[in-house]
1. Quick check: residue separation of V349 and E298 times 0.36 nm, minus the Cα distance between them. What number comes out in nm?
2. Tell me which GluC sites (Glu not before Pro) from the range 102-194 have a DSSP coil assignment and no more than 12 other beta carbons within 10 Å of their own.
3. Express in nm, to one decimal, how much length is gained between L25 and K149 on full extension, taking 0.36 nm for each residue of separation and deducting their alpha carbon distance.
4. As an exercise, use a Förster radius of 56 Å and the Cβ-Cβ distance of K184 and E7 to find the FRET efficiency, rounded to the nearest 0.05.
5. Mind pulling the angle between the C-alpha long axis of helix 236-272 and the longest principal axis of the chain? Nearest 10 degrees, somewhere in 0 to 90.
6. Can you tell me the relative contact order of the range 250-384? Whole percent, Cα pairs under 8 Å, sequence separation 6 or more.
7. Give, as a single signed number, the net charge of other residues whose beta carbon lies under 13 Å from the beta carbon of L93, with Lys and Arg counted +1 and Asp and Glu -1.
8. Quick one: compute the contact order of the chain, relative version, from alpha carbon pairs under 8 angstrom and 6+ residues apart, as a percent.
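Any read-out appearing in this document is the output of simple, stated calculations on the displayed coordinates, not a laboratory observation. For clarity, every value in this text was computed on a predicted model and none was experimentally measured. All Cβ positions, even for glycine, are placed from backbone atoms using ideal geometry, and neighbour counts span all protein chains on display.
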Amino acid sequence: MQFELNEEQEMIRKAARDFANNECLPGVIERDEKQIFPREQVMKLAELGFLGMMVDPKYGGAGMDTISYVLAMEEISKVDASVSVVMSVNNSLVCYGLEKFGTEEQKQKYLVPLAQGMKDGELYIGAFMLSEPEAGSDATSQRTTAEDKGDHYLLNGTKNWITNGGSASVYLVMAQTDRAKGSKGINTFIVEKNSPGVVVAAKENKLGIRGSDTHTVMFTDVKVPKENRIGNDGFGFTFAMKTLAGGRIGIASQALGIASGAFERARDYAKTRKAFGTEIMNHQAIAFKLADMATKIEASRLLCLKAAWEKDNNIDYTLSSSIAKVFSSETAMWTAVEAVQIHGGYGFVKEYHVERLMRDAKITQIYEGTSEVQRIVISRSILK
């Protein structure tokens, strides 16, 4: 076992930390409050190669390992989870899904600009569309349909809670092509946002990650070329599950970063705030909170890195990614709440950042598979 990072991984972590502090921190409170999509920050992520970190360089990616991705996600999430979720979806779900399962033609047409995050000088990112009004945790209950018309499919339905829904250029859409086959009748399609019949609803007014672009997207008689189906007929549900397993590493890393950011702010505050004649870090009640935070965060980090290592070494990481996500997300929520508590009244004030981290933490227990769904995955694996 090797617990030390190599030189390249250390450089990536430093680059991500510098980017977070220099580019994401300024204006983060205003973007959160006004729900401003961090377009400028995401464009700079593209310049750094962080929107296609794990994609092969022959497809425009940076060719980094998953461990590097975890490190970068943690550092950026410490400061702005609205930026890191854009990075997570584009890397873990969209780029990974296309590179792993797409045809060469699909990769050349869509993966190359997605991995670069740019096309013709404009932002070019993707969105992953599985959730529906009646299909959240029960992803098999797809109501969106794709009717086979010979040389194309006709797509109809509604997807909601879609990250990057308004800013993405390309959608990966799961739809039912044969309801009688259940999950085996689901396919995944590459849909261009500017296709006739695509309507993006208003941005959701969310509790947390308020800068991220979350929308309902509706499809009415959208023509999708046959060559835009990913994989064989009926592969869509398997595609979604395999892709989400990697996505959970990204969200676990985001949760880890939120927890780390909350801890660092609470620790630094405890060193300077005085009560009863001494810095509050000298009171055991506070010191023990910080000790518990540090312990849970270190465990979360190791779980994230283990899942990433398994992915890099072509080992089945389904179980590890679920364990990492459920533990890291619950650590994020607990740590952020305790960070607010340590700050006392100041914790309720936006300029101290911890109240935002607390709001951001909650979604990590919900999207890309709730904590309850992760426990289903884990329990089925350990009870085989």
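1. 15.6 nm
2. Filter output for the range 102-194: E134.
3. Here the segment from L25 to K149 would lengthen by 39.7 nm.
4. 0.75
5. On a 0 to 90 degree scale, this one is about 20.
6. 33 percent
7. The answer is +1.
8. Contact order relative to length: 16 percent.
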